[in-house]
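*Asks:* Just passing along the structure, written as structure tokens.
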Amino acid sequence: MSQLTRLRLRLTPRAESAVVRGHPWVYQDAVKDQNRPGLPGELAVIYDRRDRFLALGFYDPDSPIRVRVFQVRKPVQVGVDLWIERVRQARALRETCAVFASGTSGGRWINGESDGLPGLVADRYDTTLVVKLYIPGWLPVLEDISSALSQELRPRFLMIRLSRNLAAIARDHWGITEGFRGDPGEDTVIFEESGLRFESQVRLGQKTGFFLDQRENRRRVEAMAMGRDVLNVFSYSGGFSVYAARGGARSVTDLDISAHALESAQRNLKLNASHPAVHSALHHALQADAFQWLRDSPAAQYSLAVLDPPSLAPREANRIAALDGYARLAAGGIRVLRRGGILVSASCSSHVSDQEFFDSVRRAAQQSGRSWLESWTSGHAPDHPASFPEASYLKAICLQLDP
Ligand code: SAH
């Protein structure tokens with residue numbers, strides 16, 4: 001790569017203004033011309049229509065998002081010092097937010113583009129930092145970014161994970177595979193969230209091992225759980241159930257299609273058995289397809305239902321089908337709720353807007369024929385900042401039935 005001249009691009013006027021305004025994504029059809037074909041992961045310099053420096057980013061010929069911009073207007077030296085500065089800024093933001101108050105040793109310290117480090121997520125679980133890479137740009141500079149993260153966040157162990165589309169190219173072009181760098185840590189790490197203990201499967205678990213993004217919603221569910229029979233649909237490792245149990249739920253039921261997820265949920269409840277309320281809550285596990293189960297099981301069995309499915313719209317093309325899916329889930333959730341039940345429904349699809357999602361849940365409530373009241377809606381937690389519209393994916397809504 002080093003013998004090649006620097007990759008230079010020019011954009012359409014519209015894309016140019018978007019980049020100036022801070023949007024970090026340049027789509028393939030926004031590239032007006034370039035001096036040569038680009039390689040996966042190399043640096044691209046974007047010039048404006050008057051040939052002045054506009055931006056720097058990572059190029060990827062295999063993605064419709066051709067460039068992920070990390071620097072606009074002012075040229076910088078790309079290297080460890082720049083990454084240190086970005087990590088320092090991200091750390092400053094986390095250090096001032098209350099989510100990391102006492103009893104919480106897990107959280108997101110780097111949230112990709114929104115922290116000026118596109119396609120890179122870093123989640124901390126106690127002394128282990130799990131770095132997940134989503135774009136090839138980080139592969140050639142892995143030493144630099146790892147050392148910046150280590151210097152600034154001082155983890156004891158550093159785990160590197162790769163998104164599925166990166167595994168082959170990382171191995172073949174850069175000899176990079178997933179795993180601990182430096183000292184080997186544990187594949188399953190125990191950490192604390194709101195004074196509760198959880199395991200994160202940092203090597204093999206989904207995302208970086210745990211869904212840190214739902215922390216605030218789990219706290220909301222805990223506050224509403226007293227005396228209730230809670231159904232946790234798409235439970236994964238049972239986060240919502242453990243909080244509900246501490247909040248005084250009479251019973252918690254985890255429902256997931258995966259046996260591994262249900263086993264992890266069971267272990268997480270055990271980890272918190274020293275809390276009397278967790279110890280005394282009844283626990284059930286259901287391994288089932290949620291859509292089918294919510295449709296076919298008897299009505300009116302629970303008094304609080306949480307619905308937190310995986311993204312139903314991984315692509316824009318799935319948006320309409322996803323809205324239908326959210327509505328069907330909400331209808332099913334409402335059906336299995338007894339009089340006075342509470343529904344908490346979440347969506348992690350960035351292609352579905354907050355309003356569209358909320359409306360699909362509200363419509364399902366309307367169509368159930370029951371009366372209902374909207375208690376709250378929520379968005380991103382402060383450690384998951386979203387600096388541009390596409391970065392915003394998580395939203396949740398809570399309805400109180402038969403108020
Ligand atoms: N609520 C969880 C995160 C959910 S992740 C938390 O707070 O940690 C999505 C989960 O849905 C995964 O565990 C996955 O196994 C499960 N899943 C995916 N499709 C499913 C289906 N059709 N029925 C039931 N569970 C499903």
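*Asks:* Rounding to the nearest 10 and keeping the result within 0 to 90°, find how far the Cα-based axis of helix 80-95 lies from the longest principal axis of the chain.
*Replies:* With rounding to tens, the tilt is 30 degrees.
*Asks:* Sticking with this structure for a sec: Once you charge only the Cβ atoms, +1 for Lys and Arg and -1 for Asp and Glu, what is the size of the charge dipole of the chain about its Cα centre, to the nearest 20 debye? Please report the intermediate quantities before stating the final value.
*Replies:* On the way: 50 positive and 45 negative charges, 127 e Å.
Roughly 620 debye for the chain.
*Asks:* Then there is this: If you take every DSSP beta bridge fully contained in the chain, what fraction is antiparallel? Give it as a percent rounded to 5. Walk me through the intermediate numbers first.
*Replies:* Numbers: 48 of 78 bridges.
Rounded to the nearest five, the antiparallel share is 60 percent.
*Asks:* Largest first and to the nearest Å, give the Cα extent of region 329-403 along each principal axis.
*Replies:* 40, 20, 16
*Asks:* Mind listing the phi-derived Karplus ³J(HN,Hα) values for region 262-275, rounded to whole Hz, using 6.51, -1.76 and 1.60 with θ = phi - 60°, and x for any glycine or proline?
*Replies:* So the Karplus estimates, Gly and Pro as x, are 5, 5, 5, 4, 4, 5, 5, 5, 4, 4, 10, 5, 6, 7 Hz.
*Asks:* List the equivalent ellipsoid semi-axes of the chain in whole Å, largest first, each obtained as the square root of 5λ for an eigenvalue λ of the Cα gyration tensor.
*Replies:* On the way: eigenvalues 326, 125, 60 Å².
That gives 40, 25, 17 Å for the three semi-axes.
*Asks:* Taking θ as phi - 60°, what are the ³J(HN,Hα) couplings along region 19-32 by the Karplus curve (6.51, -1.76, 1.60), each to the nearest whole Hz, with x for Gly and Pro?
*Replies:* Values, residue by residue: 5, 4, 6, x, 6, x, 9, 10, 6, 4, 7, 8, 7, 7 Hz.
*Asks:* Once you list every other residue whose beta carbon is under 12 Å from the beta carbon of residue 273, what net charge do they have if Lys and Arg are +1 and Asp and Glu are -1?
*Replies:* Net of charged neighbours comes to +4.
*Asks:* While we're on this one: What are the extents of the Cα atoms of region 228-372 along their three principal axes, listed from largest to smallest and rounded to whole Å?
*Replies:* 45, 33, 25
*Asks:* Let me ask another. How far is helix 215-224 tilted off the main Cα axis of the chain, in degrees rounded to 10, range 0 to 90?
*Replies:* Compared with the principal axis, the helix lies near 10 degrees.
*Asks:* For the chain, what does the accessible surface come to per residue with a 1.4 Å probe? Please give it in Å².
*Replies:* 44
*Asks:* Okay, next question. Out of 120, 350, 150, whose Cα points farthest toward the positive end of the dipole of the chain (charges: +1 Lys, Arg; -1 Asp, Glu; placed on Cβ)?
*Replies:* In the chain, that residue is 350.
*Asks:* Give the peptides 163-171, 236-244 in descending order of average Cβ contacts within 10 Å, highest first.
*Replies:* 236-244, 163-171
*Asks:* Find out how many positive minus negative residues lie around residue 47, taking Lys and Arg as positive, Asp and Glu as negative, among other residues whose Cβ is under 13 Å from that of residue 47.
*Replies:* +4
*Asks:* Please compute, over every Cα-Cα pair in region 1-111, the percentage with a separation greater than 18 angstrom.
*Replies:* Working: 3379 of 6105 pairs.
Value for region 1-111 (Cα pairs over 18 Å): 55 percent.
*Asks:* With both partners inside region 244-402, how many of the DSSP beta bridges are antiparallel, as a percent to the nearest 5?
*Replies:* So the antiparallel bridges amount to about 50 percent of the total.
*Asks:* Straight-line reach from residue 32: which lysines have Cα under 23 Å away, leaving out those fewer than 8 places along the same chain?
*Replies:* 74
*Asks:* Which lysines does residue 395 reach when only Cα atoms under 20 Å apart count, and residues fewer than 8 places away in its own chain are ignored?
*Replies:* Qualifying lysines at Cα under 20 Å: 207.
*Asks:* Do you know the relative contact order of region 211-401, to the nearest whole percent, from alpha carbon pairs under 8 angstrom that are 6+ apart?
*Replies:* 19
*Asks:* Once fully extended, how much extra length lies between residue 39 and residue 390, figured as 0.36 nm per residue of separation less the alpha-carbon to alpha-carbon distance?
*Replies:* Details: separation 351, 0.36 × 351 = 126.36 nm, distance 2.49 nm.
In short, 123.9 nm is gained.
*Asks:* Right, another one. So what's the back-of-envelope 222 nm ellipticity for the chain, counting only DSSP H runs of four-plus at -39500 (n - 2.57) apiece and dividing by all residues, rounded to 500?
*Replies:* After summing the helix terms and dividing by the residues of the chain, the value is -9000 deg cm²/dmol.
*Asks:* With charges set only on the Cβ (+1 for Lys and Arg, -1 for Asp and Glu), what does the dipole of region 115-257 come to about its Cα centre, in debye to the nearest 20? Let's see the in-between values first.
*Replies:* Working: 18 positive and 20 negative charges, 66 e Å.
So the dipole magnitude of region 115-257 works out to roughly 320 debye.
*Asks:* Same structure, new question: If one computes the Cα centroid of region 349-373 and of region 188-251, what distance in Å separates the two points?
*Replies:* About 24 Å separates the Cα centre of region 349-373 from the one of region 188-251.
*Asks:* Starting from the exponent 0.38 and prefactor 2.2 Å, build the expected Rg for region 7-72 from its residue count and divide its actual Cα Rg by it.
*Replies:* 0.94
*Asks:* Solvent-accessible area of residue 180, probe 1.4 Å, all protein chains present, reported in Å² to the nearest ten, please.
*Replies:* 40
*Asks:* Given a 1.4 Å probe and the protein chains all in place, what does the accessible area of residue 143 round to, in Å² to the nearest 10?
*Replies:* Taking all protein chains as shown, residue 143 has close to 120 Å².
*Asks:* Further question on the same structure: Assigning unit charges at the beta carbon (Lys, Arg +1; Asp, Glu -1) and nothing else, what dipole magnitude in debye, to the nearest 20, does region 186-300 show about its Cα centre?
*Replies:* Value, rounded to 20: 320 debye.
*Asks:* Right, here's the next one. Could you derive backbone 3J(HN,Hα) for region 185-202 from the dihedral phi with the Karplus parameters 6.51, -1.76 and 1.60 (θ = phi - 60°), listing whole Hz in sequence and x where the residue is Gly or Pro?
*Replies:* Values per residue, Gly and Pro as x: x, 8, 6, 10, 10, 9, 9, 10, 9, 6, x, 9, 10, 9, 9, 10, 8, 6 Hz.
*Asks:* For region 283-336, how big is Rg over Rh, using alpha carbon atoms and the Kirkwood form of Rh? Intermediate values should be presented prior to the final figure.
*Replies:* Numbers: Rg = 12.3 Å, Rh = 12.2 Å.
Using only Cα positions, Rg/Rh for region 283-336 is 1.01.
The values are calculated or read from the model by the stated rules, or taken from the named source; none is laboratory data. Computed from a prediction, not measured in an experiment: that's the story for all the values here. Note: ideal-geometry Cβ built from the backbone for every residue, glycine included; neighbour counts use all protein chains shown. Only protein heavy atoms, including side chains, enter the accessible area calculation; ligands, DNA and RNA are left aside. Shrake-Rupley method; radii C 1.70, N 1.55, O 1.52, S 1.80 Å.
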